[in-house]
Every structure is written in C-alpha cells, then in structure tokens.
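Engineer: Sharing a structure here in structure tokens format.
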Amino acid sequence: MKNALKRFESKLTSAELDLLDTLDSPIKIQNFLNTVSYSIDHFYRCPLRVMQERTGHCFDGALFAAVALRRIGYPPLILEIIPNANDDDHLLAVFKYRGHWGAVAQSNFANLRYRHPVYRTLRELVMSYFSYYFNATGEMTMLGYRTPINFAVYDKLDWMTSDENLDFIGDDMARYKTYRVVTDEMLPLLDPADDRILKSAFVGVNMDGLFKVE
C-alpha cells in the first residue's frame, strides 16, 4: 500500500501535493470533487489525471476519492450501483466511520454524490440513492449493487497513476457478487420520478453527459 501511494505522490507537483494534503476528511475530498468538471468522455482517467486535468466522470471521480481516502487511513473501497439497461452504472468510494457507512462520489447529478456516514449497512447507504436514481425520461433504474472492491487488489496494475489497465479493471469488476434491491415483482410498481423532482435533478447537469435512452 505504501509503495503504491508513494508512486502516486511522486508523480504530483509540489502544488498538487499540497492541495492533496488539505483533503484530510471525506467531506473535503467531496468538496474538491465538486470543483472537478463532469467529463462526457467515453474513456477512463486514472486518479493522477483527474488531479492534473480537474475533470472526470463517476468512474474517474470514485477512483480519485478512493486514493484520497486511502491517504487518510481508509481502505480504497469502490462500490458499483447496478441499473437496468436504460441507464449508466454509478461508482461510489465508500468509507466506514465509527461503524457507519458514507460515500464520496462524482456524478452529473448533485443528488448522486456525497453521503454522510450515518448508514448502518451498505444496503441502507445504497438505498439512499434509490429515489434519485432515474434516467432522463424519469424512469427509476436502480436494480442493485456489487459488493465493495478493495482496489488494493489492483495495485500491480498501477490504477492510481496510469489509464492503461482501467478498461480491464472496469470489466473485471463484473465478477464480484451482486445484490438485488429491486425484485422482478417490484418493477411494475416503480412509477416515474415526479416532474418536480425530475426538473430539480437537472439543475447544473451537463445534458451532453446524460445516458441516451433509445
């Protein structure tokens, strides 16, 4: 772990390292991510590039948050929220504080970002995103989530400092166990998001970054 972090830190300028040193709590990490522009690119950026370019989508932002959390003593845990075929998945960097779960995240939607560490279980944490997890048409799309992955398992692939293996890592995540939060029997009961909620959710959204529903 120390060697992986040292490799990451060795790539930073002194100004970047000074900035990273100020991110000494989960909420400060989130506040930094809130200044990072949402990327509509269809490729992954490693945490180093997020730091350098100040842009990234949810995958990129979650990995950056995992590195920043790792520097302050948390394991680099990534949890993936799984939707139906009409939406994008969403990645969270999750952390546990005094027995309760919270999350740091980058998203095109403000309501899919930070969660305070007040949730007793990971399912509770995930369900806090449920009512805000809809696509551009208002369809409720969340189906479940994967067990958190400790990204230390990918340290040999230099995920913190190189883009080269991020496509492989993204695909490899699919082998981890999935937990359904919505059963097939529940699906017909999921009414679309209320028009007022839908309208408010689009405040500050980059419309070019929305999932294109066929």
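Every number here is computed from the coordinates shown, using simple stated rules; none is lab data. Please read all numbers here as calculations on a predicted model, not as lab measurements. Please note: Cβ atoms are built from the backbone with ideal geometry, for glycine as well, and neighbour counts cover all protein chains shown.
Engineer: Only helices at least 30 Å long along their axis, Cα-based, and averaging 0.0 or more on Kyte-Doolittle count here, so list those DSSP H runs from the chain.
Structural biologist: Membrane-span-like by this rule: not one helix.
Engineer: Go ahead and set up a Gaussian network model of the chain, Cα springs under 10 Å, then flag whichever of 64, 168, 130 fluctuates most.
Structural biologist: Of 64, 168, 130, the Gaussian network model singles out 168 as fluctuating most.
Engineer: Sort 40, 169, 81, 29 so the one with the fewest other Cβ atoms within 10 Å of its own Cβ comes first. Kindly include the intermediate steps, with their values, before the conclusion.
Structural biologist: On the way: 40 13, 169 18, 81 24, 29 27.
Going from sparsest to densest Cβ surroundings: 40, 169, 81, 29.
Engineer: For the charge dipole of the range 2-208, defined by +1 on Lys and Arg C-beta atoms and -1 on Asp and Glu C-beta atoms about the Cα centroid, which residue among 107, 205, 188 has the Cα displaced farthest towards the positive pole?
Structural biologist: 107
Engineer: Neighbouring Cβ atoms within 10 Å as the yardstick, rank 163, 208 fewest first.
Structural biologist: Fewest-to-most Cβ neighbours within 10 Å comes out as 208, 163.
Engineer: Looking at the range 1-84, which trypsin sites (Lys or Arg not before Pro) are in a loop (DSSP not H, G, I, E or B) and have at most 14 other Cβ atoms within 10 Å?
Structural biologist: 54
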